[in-house]
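See below for the structure under consideration.
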Amino acid sequence: MRIGELARVTGASARALRHYEQAGLISSGRAPNGYRIYDEHVAVRVRNIRYLLTAGLTLDDVRVFLPCLDGDVAAAPPSDKGLRVARERLAVLNERIASQTEARDRLEAALRRKSGAGPRTVT
């Protein structure tokens, strides 16, 4: 299948697919006209990559899961290395959330001091 069809069936953009390919997570052949041609099984791999990315992992993190990207990543038992990477990523996300929460609280306090208004509901 060509890149546009792969994008359509996986929900990934063609740009993302080229990025995944450049990162070594997927591969393609070339048609005589130079178009990228992907095997049907690449769609499963792309869906798994997207699943891991939406879970908060990075493309570098996803590399750890290469051996199982062609199966059902969500249902497969995680490897020790996969669990380690996920825990490390979770720690990073928690640190970022804490930092952003502190920044929001400081900004909110500064606005209250300047305007004399009470706290606002953040949506």
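Just so you know, all these numbers are worked out from the coordinates, no wet-lab data involved. The structure displayed is predicted, hence computed values, not measured ones. Glycine also receives a Cβ, built like all others from the backbone with ideal geometry; neighbour counts cover every protein chain displayed.
Where does helix 42-54 land angle-wise versus the long Cα axis of the chain, in degrees 0 to 90, nearest 10? The two axes meet at around 10 degrees.
Computed over the chain, the convex hull of the alpha-carbon atoms projects to a mean area of 10.7 nm². Pairing the Cα long axis of helix 80-115 with the longest principal axis of the chain, what angle in degrees results, from 0 to 90 and rounded to the nearest 10? Result, in degrees: 30.
Run the numbers on the chain and let me know its relative contact order in percent, using alpha-carbon pairs under 8 Å that are six or more apart.
Working: 85 pairs, mean separation 21.5, N = 123.
In percent, rounded to a whole number, it is 17.
When shorter helices are ignored and each DSSP H run of at least 4 residues is given -39500 (n - 2.57), the per-residue value for the chain at 222 nm works out to -18500 deg cm²/dmol.
Full extension of the chain between SER79 and VAL92 gives 2.7 nm of extra length, using 0.36 nm per residue less the Cα-Cα distance.
Suppose every K and R has +1 on its Cβ and every D and E has -1 on its Cβ; what is the size of the dipole of the chain about the Cα centre, in Debye to the nearest 20? Show your work: numbers first, answer last.
Details: 21 positive and 14 negative charges, 126 e Å.
It comes to approximately 600 debye.
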